[in-house]
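Q: My structure is below; once you've seen it, I'll send some questions.
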Amino acid sequence: MSALSQRTSWRTAAVAAVAVAVLVTGIRAAERGAAQGAAARLPAGAFGQNFEVVGYTDLDGRPGFKMTIQQVGGRWLMYVGSFWARGWSIVDVTDPKAAKVVKFIPGPDNSSTVQMDWAQGFMETPLSKIPAGRDFDEKKAYDGGFYMWDLKDPLNPQKLGHWKSVGTHRNYYDGGRYVHATSEMEGYKGQIYVIVDVSDPRNPTEAGRWWVPGQHTAGGESSAENISMHGPAIPIGNLVYLSYGAAGMVILDISNVAKPKLVGQLDFSPPFHSGIAVHTVLPLPDRKIAIVNSEAGPEYCKEPSNHASIVDISDPAKPWLISMLPRPLPPPGYPVADFCDKGRFGPHNVSTLQHNSFVQKQGDVLFLTYFTAGLRAYDISDARAPKEVGYFIAPDPTKRYGPLPAGALVTDTEDVLVDTRGYIYITDRNQGIWILRYTGPMPRKR
C-alpha cells in the first residue's frame, strides 16, 4: 500500500472513530435524558419502569384497602374501605390529578370495614372481627356479615339491611339476586362459601353453602389446618371459582344454589406455603385460563415460597398449571438486594372486579400488587411464557397510621383497580391512593 493510500485509510478510520464516538455519546445522552424524563414523572423516593404518576390523595389520613368505582352524572366516584379507621371513604376521581375525598361514611365501632362491592345502585360492605394484632377490643361487640346499601344517591348511601354471620371478608356482588360471600359461620373452622339471597336487600337470607370436608367441626368433622376460603368467589355461568387457601383453587357447579357441587380442584400447598396458598382466582373464560396467586404472610419471607400462576381451565374438572409469573427483582440503585430484606414480600391482589362496567376488562397486561415490591405489570399474552413489563414502587411512607408493618415503616402496596379510562389505583397500609398510568409496550394481538 502506498503512503498516500495509508494516510487516506488512517484518515477514514479516524473519521469513522469520531463518528462512532459521537453516536455513542448521543445515545448515552439520549438514555440519560430518557432516564431523567422517566424520573421526572415519579415522585422522590419512588422507583418505576413504564409507569407514570398521575395523581395522589392521602384519603384525609385514612389509609384505604379495597376499592370500587362508578361513573354517575359525569363524575367518577370511588368507594374505599378503611384500613385503620372504621368506615368508608367516597373519593371524587373525575380529575385524577385533583382526586379528593368528598365524604366519609362512619362504620360500626370495633369492626373491620376494609372491603366493598358495588353494582346496579346497591353496595355491599363486608364486616368482621378486626384481625389479631390490630386495635380490636375483645370486651366490645362488633358487627359481622355484611351491610346492603342503597346507592342511588351516590354521595349519600342509605343502609338497608344487615346479613349477620361471624364475619365476611371478600364478597362478590354483581347486582343480581345473590351475594357470594366468604364467611365465618358458627360451627365451622375457617371461612366457607355462602350464597346469600339479597333480592330483598332489607332482609338478606342464606340460599346455600359449601365447605371443604373437615371444616364443619360442629358436625363432627376434623378440621384441617389452614383450610379457609379467602375469596372472592367469582361466578361464570353455572360455575363458580373459589380461592380456598390451603385447599387450593376450587370450582363448583351452582346450577342449584342450595346444593353446590364440586367440579374440580387444583392444590398448591405443598409445595407452596399453606397460609393463604390460593388468595385469588381470576378466571378469564374467553382464554380458558385463570390467574391464581397466593398471599405473602410473615414479613421478611419467613415462610415457604409464594406463587403467581396461570392455570388452564378448559376442562373445569381437570385444571392444570401452565406457568408461573417471574419473581420481582429490585431495580438498579434500590436500597436492598432482595425484596425479602425489606418486609412483607409476595403477591396479593389483581383487579378482580371484572363484573363492574367501569372497571377495565382484563387484557394481556396483568397488574398485580406485591407488597414491598409495589405494583408489577406482566405481559400474559403467551400463557406459557409470561414476562414482567413494568413496575411502580411508591416512596416509603413517612407517617405510621397502624401497627403494620411490624418492622420498618416501608411501602406495602395492597390493592389495585383499573378503570375504563386506563387509570390505575393502588392502596397502601400507611399511605393514600396513588393514581398511575401504564406507559409500557402493549402485547401484540394474538
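Q: Quick check on my filter: what residues within the range 137-148 are buried (at least 16 other Cβ atoms within 10 Å of the Cβ) and either closer than 28 Å to L404 by Cβ or at pLDDT below 95 (or both)? So that I can check it myself, show each step before the final result.
A: Quick first cut of the range 137-148, residues buried (at least 16 other Cβ atoms within 10 Å of the Cβ) only: 142-148.
Hits for the range 137-148 are Y142, D143, G144, G145, F146, Y147.
Q: Can we say V257 is buried (at least 24 other Cβ atoms within 10 Å of the Cβ) and under 29 Å from R177 (Cβ atoms)?
A: Taking the combined requirement at face value, the residue does not satisfy it.
Q: So, one more: Do we find that P154 is surrounded by fewer than 18 Cβ atoms within 10 Å (Cβ to Cβ), touching a residue at least 24 places away in the same chain (Cβ under 8 Å) and part of a loop (DSSP other than H, G, I, E, B) in this structure? Walk me through it before giving the result.
A: On the way: surrounded by fewer than 18 Cβ atoms within 10 Å (Cβ to Cβ): no; touching a residue at least 24 places away in the same chain (Cβ under 8 Å): yes; part of a loop (DSSP other than H, G, I, E, B): yes.
Taking the combined requirement at face value, the residue does not satisfy it.
Q: Give, as residue ranges, the strands (runs of 3 or more DSSP E) completely inside the range 402-444 that count at least 1 residues that are without any contact (Cβ under 8 Å) to a residue 60 or more places away in the chain.
A: On the way: elements: 413-418, 424-428, 433-438.
Output list reads 424-428.
Q: Criterion first (closer than 30 Å to V54 by Cα, in contact with a strand residue (DSSP E or B) (Cβ under 9 Å, 6 or more places away or on another chain) and at pLDDT below 95) does K103 satisfy it? Let's see the steps before the verdict.
A: Working: closer than 30 Å to V54 by Cα: yes; in contact with a strand residue (DSSP E or B) (Cβ under 9 Å, 6 or more places away or on another chain): yes; at pLDDT below 95: no.
So K103 fails the test.
Q: Identify, by number, the condition in (1) touching a strand residue (DSSP E or B) at 6+ places or on another chain (Cβ under 6 Å); (2) among the small types (G, A, S); (3) at positive phi that A377 doesn't meet.
A: (3)
Q: How many residues does the range 29-85 hold that are at pLDDT 95 or above, small (G, A, S) and part of a helix (DSSP H, G or I)?
A: Selection size over the range 29-85: 1.
Residue-by-condition table, conditions (1) within 22 Å of N306 (Cα to Cα); (2) touching a residue at least 60 places away in the same chain (Cβ under 8 Å); (3) buried (at least 16 other Cβ atoms within 10 Å of the Cβ); (4) in contact with a Ser or Thr (Cβ under 8 Å, 6 or more places away or on another chain):
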{"position": "G208", "(1), (2), (3), (4)": "no, no, yes, no"}
{"position": "G237", "(1), (2), (3), (4)": "no, no, no, no"}
{"position": "M249", "(1), (2), (3), (4)": "yes, yes, yes, yes"}
{"position": "V263", "(1), (2), (3), (4)": "no, no, yes, no"}
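Q: Out of I276, I310, report the one residue that is among the aliphatic types (A, V, I, L, M), farther than 22 Å from I426 by Cα and under 21 Å from the mean Cα position of the chain (by Cα).
A: I310
Q: Further, regarding this structure: If you take the residues in the range 191-207 that are of a type in the set (S, T, Y) and in a strand (DSSP E or B), which one is nearest to S128 (Cα to Cα)?
A: Looking at the filtered set, the residue picked out is Y193.
Q: Does the range 386-394 include one or more residues that are exposed (fewer than 14 other Cβ atoms within 10 Å of the Cβ), of a type outside the set (A, V, I, L, M) and over 27 Å from P332 (Cβ atoms)?
A: No, the range 386-394 has no match at all.
Q: Just to verify a result, which residue in the range 90-114, among those that are under 21 Å from T420 (Cα atoms) and of a type outside the set (A, V, I, L, M), is surrounded by the fewest Cβ atoms within 10 Å (Cβ to Cβ)?
A: Ranking the candidates gives K97 first.
The values are calculated or read from the model by the stated rules, or taken from the named source; none is laboratory data. None of the values given here were measured: they were computed from a predicted structure. We place every Cβ from the backbone using ideal geometry, glycine too, and count neighbours over all the protein chains shown.
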